[in-house]
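Scroll down for the structure; my scribbles are underneath it.
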Amino acid sequence: MRRRFFVLGFQNGRAVMAGEAAYHLGHVLRAHTGQLLELSDGQNVWLGEVEKVTRERIEFKLVEKLPAHFPSTEITLLLSIVKFDAFEWALEKATELGISRIVPVAADRSEKALLKAAPKRADRWKKILLGAAEQSRRVSAPSLEKVTEPEQAFASASAEIKLLLSERQDAPSMRSMLEGKFPSSVALAAGPEGGWSDPEFSQAERADFLQASMGSLILRTETAVIAALANLNYALSRPNAP
């Protein structure tokens, strides 16, 4: 299966990749003239033939337009800041599972040192999203918002269904919340280690988030994210959908 890479755009039957991405493709992955690769500008996908490789630039000739498959449900992930190795792992896997938008959340129980350092890692996080999107052959990478306070993150989430992952005993199962529903958009909020605080539960409720349980086991944030997204993909899949 051919690999997919992102370019800035297509023009006059040509595409160009420049900078760090071109160096990685040309000198780490050793792209060569005549090689066929899939290229995406975030909206369209083309089969491109490598025509010229230099240290910081690769030129392509477009050969054939390919189908561009987009998810039927747009999923926004409100992801609480946790230890960066776990947070970044969750970013990567959430991208592979089709997330559309990620909002890092400065939750009450997020470590203060992590919150202070988080803005400086935005560029690294975007590279993780881009690499995971290419690896999973997506048409586009998820968008990454700035670190946001919980109340604002909840209030600004616009989706047909809004779910707050909850460890509370009386929270209904995610399965029951999704059964028979095929929304065009979903917002999913995952708390930090130690869970959401009482004020955050109230803020989420005012923003029309519904609590949803992943079962009786207590999951780490990154585990809960992956399990929830896998459940979402299964529950929202339509018969015979591509």
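Derivation of every value follows stated rules applied to the coordinates shown; laboratory data play no part. Just so it is clear, the model here is predicted, and its values are computed rather than measured. Cβ sites come from the backbone with ideal geometry, for glycine too, and all protein chains shown count toward neighbours.
Taking Cα atoms of region 149-240, Rg/Rh with Kirkwood Rh, to two decimals? The Rg/Rh ratio comes out at 0.95. When shorter helices are ignored and each DSSP H run of at least 4 residues is given -39500 (n - 2.57), the per-residue value for the chain at 222 nm works out to -9000 deg cm²/dmol. Applying both filters, DSSP loop and at most 16 other Cβ atoms within 10 Å, to the trypsin sites (Lys or Arg not before Pro) of region 149-200 gives Arg168, Lys181.
Sparse packing (at most 14 other Cβ atoms within 10 Å of the Cβ) combined with a DSSP loop state is found for the following trypsin sites (Lys or Arg not before Pro) in region 1-76: Arg2, Arg3, Arg30, Arg55. For the residue pairs Lys65/Lys126; Lys65/Lys93; Lys93/Lys181; Lys93/Lys127; Lys126/Lys146, the alpha carbons lie more than 20 Å apart in Lys65/Lys126; Lys65/Lys93; Lys93/Lys181.
The trypsin sites (Lys or Arg not before Pro) found in region 121-158 that occupy coil by DSSP, while having at most 13 further C-beta atoms within 10 Å, are Lys146. Length gained on full extension, Glu149 to Phe84, computed as 0.36 nm times the residue gap minus the Cα-Cα distance: 21.6 nm. Working note: Debye formula, equal point scatterers on the alpha-carbon atoms of region 160-211, no solvent; log10 I(q)/I(0) at q = 0.25 Å⁻¹ is -1.05. When both region 38-83 and region 162-199 are represented by their alpha-carbon centers, they are found 31 Å apart. Annotation: the chain has a Kirkwood hydrodynamic radius of 19.2 angstrom, from the mean reciprocal C-alpha pair distance. With respect to the chain, whose longest principal axis is taken over its alpha-carbon atoms, helix 221-236 is tilted by about 80°.
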